[in-house]
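Each reported figure results from applying straightforward, stated rules to the coordinates on display, with no laboratory input. Bear in mind the structure is a predicted one, so any value in this text is a computation, not a measurement. We place every Cβ from the backbone using ideal geometry, glycine too, and count neighbours over all the protein chains shown.
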Amino acid sequence: MKIEINTENIKLGQFLKLAGIITNGGESKFLIQEGLVLVNNQVELARGKKLFPGDIVKFEENEYLVVKKDAD
């Protein structure tokens, strides 16, 4: 699934909310600290990890591709 961002990068915690995986920061902290979120096939333990277009986030059985929103 492609998730569009409006900026050059986005922090992992913010991305999880944008993608609809979580509803608040507490949830992202828990999921990330438990090692349940992968970025580019690596377990990521930092909520502040910067994601860039082309990065792939995996949670459970779902994959999310970070893409830059086209300027209108």
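Points worth noting:
- Approximate spin-label separation Ile56-Lys29, in nm, with each point projected 7 Å along Cα-to-Cβ: 3.1 nm
- Note that the chain, at 25 °C in a medium of 0.890 mPa s, gets a Stokes-Einstein diffusion coefficient of 205 µm²/s from its Kirkwood radius over C-alpha pairs.
- Between the beta carbons of Val67 and Leu45, assuming R0 = 25 Å, the FRET efficiency works out to 0.55 to the nearest 0.05.
- Where only DSSP H runs of four or more residues are counted, the chain gives -6000 deg cm²/dmol as its mean residue ellipticity at 222 nm, each run worth -39500 (n - 2.57).
- Take every DSSP beta bridge whose two residues both sit in the chain; close to 75 percent of them are antiparallel.
- Distant-in-sequence amide H partners of Leu51 (H built 1.01 Å from N, under 5 Å): Ile10, Lys11, Leu12
- Residue-count net charge about Ile32 - beta-carbon cut-off 13 Å; Lys, Arg +1, Asp, Glu -1: +3
- Sequence-ordered 3J(HN,Hα) estimates for region 24-36 from the Karplus curve with 6.51, -1.76 and 1.60 and θ = phi - 60° stand at 8, x, x, 5, 5, 4, 4, 4, 5, 5, 7, x, 8 Hz, glycine and proline given as x.
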